Amino acid sequence: MNSPEIASPPIVWSVAGSDSGGGAGLSADARAARAAGVHLCPVVAAVTAQHSRAVLHVQPVPAEVVRAQLAALAADMPPAVIKTGLLGSAAAVREVARCVDALRAAGRRVALVVDPVLGATTGAAFADEQYLCALRDELLPRASLVTPNVREAQRLAGLPPDAPPPALAAALRGMGAQAVAVTGGDVPDAAGSDTRWALDWGDTAHACGWLALPRLAARHTHGSGCTFAASAAAAMARGFVAADALVLAKMATAHALHCGYAAGSGAGPANAQPGSAALPHLMPVMTWGKAPPDAALLQADASPAAPLMEGGGCALYAIVDSAARVQQAAQARIPIIQLRIKASAGGGDAAWHAALRREAQQALAACRAAGATLVIDDHWRLALEMAAAGAAGLALHLGQEDLLALRDAERAQLAASGVRLGVSSHSVWELARARSLRPWYIACGPVWPTTTKAMPWRPQGLRNLRWWSRMAGWPVVAIGGVLEGSQARQCAAAGAAAVCVVRGLGADIAHSTPHWLAAIAAGAASAAGSVAGAGGDGWPHPTL
């Protein structure tokens, strides 16, 4: 009997140096690629003589040999991503640049991830000024992502040693790189923050902020920078944008450090292993700006989040557009009801805001009478005003674009108000960013295609909803395209703490509610033990 054919994994080329000790360079890249489920093609650009304590010799490979390797691969195994490490010479840098140009000119969408290996942690230097100039002139303008550590970023950017990572990343993006991650895990005071955090600064087209995990007391760290870059390249090969890839690379590198082992008398290799994308304790937080994360977040994983509803379970979450509809939902015993009234393009005049306030007050009265929670959508100043007046049973929902539009002081005002906050999320990086707010819930959407609002995101599907429910660390609310009871049942079975229904409520909420409650109860009953990862390898799927 013939064996079933295995789907071909994405192809990543790594153009880097060999490590005779098996710790860094192509050896680390191969471990990271295998762990991430991509096929790595190793292109040797330099040969190093090293062991666990020192690099003793570096020999660049002749440019014509680098060119021959690249040409051979281009003829039969074109890449989704090219990742570079130690290239050894300016001539090799130029060969990579020419190859990238040729592939792109032929119509291939090839990403370039540049790990500018300029020296070893043992002190060995790999780059002279000619090599640095070649990286700046030839690779940075072509790079989809650059992943220097703090010292490498300082040399590449030509900025002083006290330049902070956000400034370094901005300078490198100014040189043409589409995205930059300045890794600071080996520099305890990279952000001048609590040294219990391991921090990397990400600057991408979609998001900027610190990626943070509790610092590990790891001894076996050799090849951790290679692991980060190769893991990001693998995630991009699997279709993730750079902002998402950085979160997944952070997780993969932390797992590799957990799994490191001794090989010689010095630092052993960071040992990338499959499964990092399914381990909740490796899910980082991402900040909203340049301020480092609050030290209180270090306790978030140690103290599990409270359930969305008293007693746990999965709740029906209604979204309506008027106080009258809120009253219908409250009388139907729906426990969470969102009042969603969008402002006009100009933001609304004084009369409009007065009418909104009356609607919200009537809606809150109806919810309080029924013991339900009213969620105000978008209008955060109104929610804080009502909370200050002693309005119990009130919560606020904000999209991430709304939160980004706030100043740091306004986000701090929200946090200090005590109003429970629900936050939208549509991608891996948005989940990481939502986690930093310690929210009441994180919405995962759209689960299915929706016409309620226009958005660029592909549907999350049940696969990502399961992943969110496992990884978020906070209650997850399923939203988007839930039109049938079978969908609500599937969401509850996937681990959602609540299921949002908008159009599916129909004109008669009292009539439709029992149907939705029964479907959710059936799904919740089957959820125990079923919320495990996402796909077969524990990865979510990309949504952009």
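Selection within the stretch 71-106: residues that are part of a helix (DSSP H, G or I) and over 21 Å from residue 140 (Cβ atoms). The member of this set that is least open to solvent (accessible area, probe 1.4 Å) is 73. Checked against (1) out of contact with any Phe, Trp or Tyr (no Cβ under 9 Å at 6 or more places or on another chain); (2) under 30 Å from residue 421 (Cβ atoms); (3) outside any helix (DSSP H, G or I), residue 326 passes all but condition (3). Hey, can you tell me all the residues within the stretch 426-449 that are surrounded by fewer than 24 Cβ atoms within 10 Å (Cβ to Cβ) and either among the small types (Gly, Ala, Ser) or touching an Asp or Glu at 6+ places or on another chain (Cβ under 7 Å) (or both)? Matches in the stretch 426-449: 436 only. Within the stretch 36-48, the set of residues being small (Gly, Ala, Ser), open to solvent by 30 Å² or more (accessible area, probe 1.4 Å) and closer than 16 Å to residue 84 by Cα is empty.
Residue 58 passes every criterion in (1) within 22 Å of residue 109 (Cβ to Cβ); (2) in contact with a Phe, Trp or Tyr (Cβ under 7 Å, 6 or more places away or on another chain); (3) not in a helix (DSSP H, G or I); (4) not charged (D, E, K, R) apart from (1). Against the conditions (1) more than 30 Å from residue 281 (Cβ to Cβ); (2) open to solvent by 10 Å² or more (accessible area, probe 1.4 Å), residue 466 satisfies every one except (1). Within 25 Å of residue 178 (Cα to Cα), open to solvent by less than 70 Å² (accessible area, probe 1.4 Å) and not charged (D, E, K, R): is that true of residue 33 in this structure? The answer is yes for residue 33. Given the structure, is residue 454 open to solvent by 20 Å² or more (accessible area, probe 1.4 Å), more than 21 Å from residue 537 (Cβ to Cβ) and among the small types (Gly, Ala, Ser)? Yes: the conditions hold for residue 454. Residue under question is residue 51, and the condition is that it be over 34 Å from the mean Cα position of the chain (by Cα) and either open to solvent by 30 Å² or more (accessible area, probe 1.4 Å) or modelled with pLDDT under 95 (or both); does it hold? Criteria met by residue 51. Here is a check on your reading of the model: is residue 321 more than 16 Å from residue 420 (Cα to Cα) and in contact with a Lys or Arg (Cβ under 7 Å, 6 or more places away or on another chain)? So residue 321 fits the description; yes.
Per the conditions (1) within 17 Å of the chain's Cα centre (by Cα); (2) closer than 21 Å to residue 427 by Cβ, the sole criterion not satisfied by residue 214 is (2). Evaluate the following for residue 221: is it surrounded by fewer than 24 Cβ atoms within 10 Å (Cβ to Cβ), of a type in the set (Val, Ile, Thr) and under 26 Å from residue 116 (Cβ atoms)? Here the answer is yes, as residue 221 does meet what is asked.
So, residue 157, is that one of a type in the set (A, V, I, L, M, F, W, C) and surrounded by fewer than 19 Cβ atoms within 10 Å (Cβ to Cβ) or not? For residue 157, the condition - of a type in the set (A, V, I, L, M, F, W, C) and surrounded by fewer than 19 Cβ atoms within 10 Å (Cβ to Cβ) - is not met.
You will find that of 291, 295, the residue that is aliphatic (A, V, I, L, M), on the phi < 0 side of the Ramachandran plot and under 19 Å from the mean Cα position of the chain (by Cα) is 291 and no other.
Within the stretch 495-537, the set of residues being at pLDDT below 95 and either of a type in the set (Phe, Trp, Tyr) or in contact with a Pro (Cβ under 8 Å, 6 or more places away or on another chain) (or both) comprises 534, 537. The sole residue among 254, 263 that is within 29 Å of residue 494 (Cβ to Cβ) and in contact (Cβ under 8 Å) with a residue 40 or more places away in the chain is 254. For the stretch 389-417, filtered to residues that are within 19 Å of residue 367 (Cα to Cα) and modelled with pLDDT under 95, the residue that is most open to solvent (accessible area, probe 1.4 Å) is 389.
The values are calculated or read from the model by the stated rules, or taken from the named source; none is laboratory data. For clarity, every value in this text was computed on a predicted model and none was experimentally measured. Note that we place each Cβ from the backbone using ideal geometry, even for glycine, and neighbour counts take in every protein chain shown. Surface accessibility is based on the protein's heavy atoms, side chains included, excluding ligands, DNA and RNA. Shrake-Rupley method; radii C 1.70, N 1.55, O 1.52, S 1.80 Å.
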